[in-house]
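This report refers to the structure that appears directly beneath it.
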Amino acid sequence: MAKTKDENTEEQILKAAKSIFQTKGMDGARMQEIADKAGINKAMLHYYYRSKQLLFEAVFKNAFSLLAPQLNAILNDDSSIEEKVKKFTSNYISFISKHPYLPNFIIQELNRNPNFVLSLKENKNFPNIEKFKKQVDEEVSKGILKPISAEQLFINIVALNIFPFVAKPLIMAFTNINDSAYKQLLEERKTEVANFIVNSIKNP
């Protein structure tokens, strides 16, 4: 019974922390507020997670463990590069829209601790792009795609999908839109980004 109770408490903590981090971000979140939302006292919260940073990492890794298998499956299925670009973009934007704290957290952690990514790679579903690389080379050699390296293409895909999330305030200021319009903009990018990339790499 004790083990079940411990697991349930930890699940409550992660659920509460995720909610607070989503609305207030890492800096705005307070451990007391997370403890209150989880229905426990602050001492109990610190028993499970000694610091806000460790709790944030736990929430992040939990979410990443849901995203990584999706992206890995797309990169390693038998669809064409064009289809992979479309599915990757749609899945990524849909997922990050529900977990908007993830991209900024990755950048923050990589700047603070470059070895952080090594702990992510321990996840058995960490995206593997070897098949993607071979496919790009094959489609280039067949004339389906214009000459491009798989690494450059992958960076383009990731960058175009991540930037609107990490630069949200800047984009909203430049475009003079409110939060509702921004969400609509992200929804439209599921096809806009994919079409932009596909049109740039496909031979006519």
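Key figures for this structure:
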read-out: Test for residue 53: is it among the polar types (S, T, N, Q), buried (at least 19 other Cβ atoms within 10 Å of the Cβ) and free of Cβ contacts under 8 Å to residues at least 60 places away in the same chain; value: no
read-out: Residue in the stretch 139-159 that is of a type outside the set (A, V, I, L, M), part of a helix (DSSP H, G or I), over 19 Å from the mean Cα position of the chain (by Cα) and farther than 23 Å from residue 106 by Cα present; value: yes
read-out: Inter-residue pairs, beta-carbon under 8 Å, first outside the structural domain of residue 65 (by TED's automatic domain parsing) and in the stretch 5-16, second among the β-branched types (Val, Ile, Thr) and outside any helix (DSSP H, G or I), 6+ apart; value: 9/40; 12/40; 13/40
read-out: Condition broken by residue 94, with the remaining ones in (1) more than 22 Å from residue 153 (Cα to Cα); (2) in contact (Cβ under 8 Å) with a residue 60 or more places away in the chain; (3) of a type outside the set (A, V, I, L, M); (4) exposed (fewer than 15 other Cβ atoms within 10 Å of the Cβ) satisfied; value: (1)
read-out: Pairs with Cβ under 6 Å, 6+ apart, first in the stretch 127-139 and closer than 21 Å to residue 65 by Cβ, second among the aromatic types (Phe, Trp, Tyr) and surrounded by 14 or more Cβ atoms within 10 Å (Cβ to Cβ); value: 129/154
read-out: Residue within the stretch 109-126 that is surrounded by fewer than 15 Cβ atoms within 10 Å (Cβ to Cβ), at pLDDT 85 or above and either in the same structural domain as residue 27 (by TED's automatic domain parsing) or in contact with a helix residue (DSSP H, G or I) (Cβ under 9 Å, 6 or more places away or on another chain) (or both) present; value: no
read-out: Unique residue being within 17 Å of residue 94 (Cα to Cα), assigned to a helix (DSSP H, G or I) and of a type in the set (S, T, N, Q) when the list is 180, 200; value: 180
read-out: Matching residues in the stretch 100-126 - criterion: being touching a residue at least 12 places away in the same chain (Cβ under 8 Å), among the aliphatic types (A, V, I, L, M) and farther than 18 Å from residue 66 by Cβ; value: 107
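The values are calculated or read from the model by the stated rules, or taken from the named source; none is laboratory data. Note that the structure is a prediction, hence the values are computed from the model and not measured. Neighbour counts run over all protein chains shown; Cβ positions are idealised from the backbone, glycine included.
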